[in-house]
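J.: The structure under discussion is supplied below as structure tokens; questions concerning it will follow.
The values are calculated or read from the model by the stated rules, or taken from the named source; none is laboratory data. Please read these numbers as outputs of a predicted model, since none were measured by experiment. Positions of Cβ are backbone-derived with ideal geometry, glycine not excepted, and every protein chain shown enters the neighbour counts. Each accessible area value is taken on the protein alone, full model and side chains, heavy atoms only, with ligands, DNA and RNA left out. Shrake-Rupley method; radii C 1.70, N 1.55, O 1.52, S 1.80 Å.
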Amino acid sequence: QVQLVESGGGLVQPGGSLRLSCAASRSIFSSYTMGWYRQAPGKQRDWVATITRGGSTNYADSVKGRFTISRDNAKNTVYLQMNSLKPEDTAVYYCNAHSPPIAYWGQGTQVTVSS
């Protein structure tokens with residue numbers, strides 16, 4: 001069974017940092033592109049960042065220069081380092097694994113940026 005389990009969310013002040021983690025089943029991690037999405041209350045789920053099997057990364061313009069996605073293949077884990085957080089980054093963050101047409105989602109972790 002494929003599982004994606006996120007952790008690392010929480011409450012942080014504006015300008016602060018958080019690191020999200022997503023532990024994936026070994027059966028998918030080595031062959032899937034991994035990504036992070038987020039969904040704010042009342043809004044659609046938006047793409048945040050992606051990292052390919054080979055390590056190539058892409059970011060949404062709203063987080064470029066502040067967020068960094070990385071993967072540790074030995075630990076079957078993908079990370080999202082979030083720096084200089086803003087209130088508008090508040091959302092539920094979801095881990096995603098995809099190899100079209102197949103996609104898997106984690107259960108989400110809440111990130112709240114507030115003073």
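J.: For region 7-37, enumerate the residues that are closer than 16 Å to residue 98 by Cα and either among the basic types (Lys, Arg) or in a strand (DSSP E or B) (or both). So that I can check it myself, show each step before the final result.
T.: Filtering region 7-37 down to residues closer than 16 Å to residue 98 by Cα leaves 22-37.
If the condition is that a residue be closer than 16 Å to residue 98 by Cα and either among the basic types (Lys, Arg) or in a strand (DSSP E or B) (or both), then 22, 23, 24, 26, 33, 34, 35, 36, 37 are the ones that fit.
J.: In region 49-73, which residues are modelled with pLDDT under 95 and open to solvent by 50 Å² or more (accessible area, probe 1.4 Å)?
T.: Going residue by residue through region 49-73, those that are modelled with pLDDT under 95 are 52-55, 71-73.
Across region 49-73, the qualifying residues are 53, 54, 73.
J.: Still on this model: Hey, does region 81-95 have a residue that's crowded, with 18+ Cβ neighbours inside 10 Å and modelled with pLDDT under 95?
T.: no
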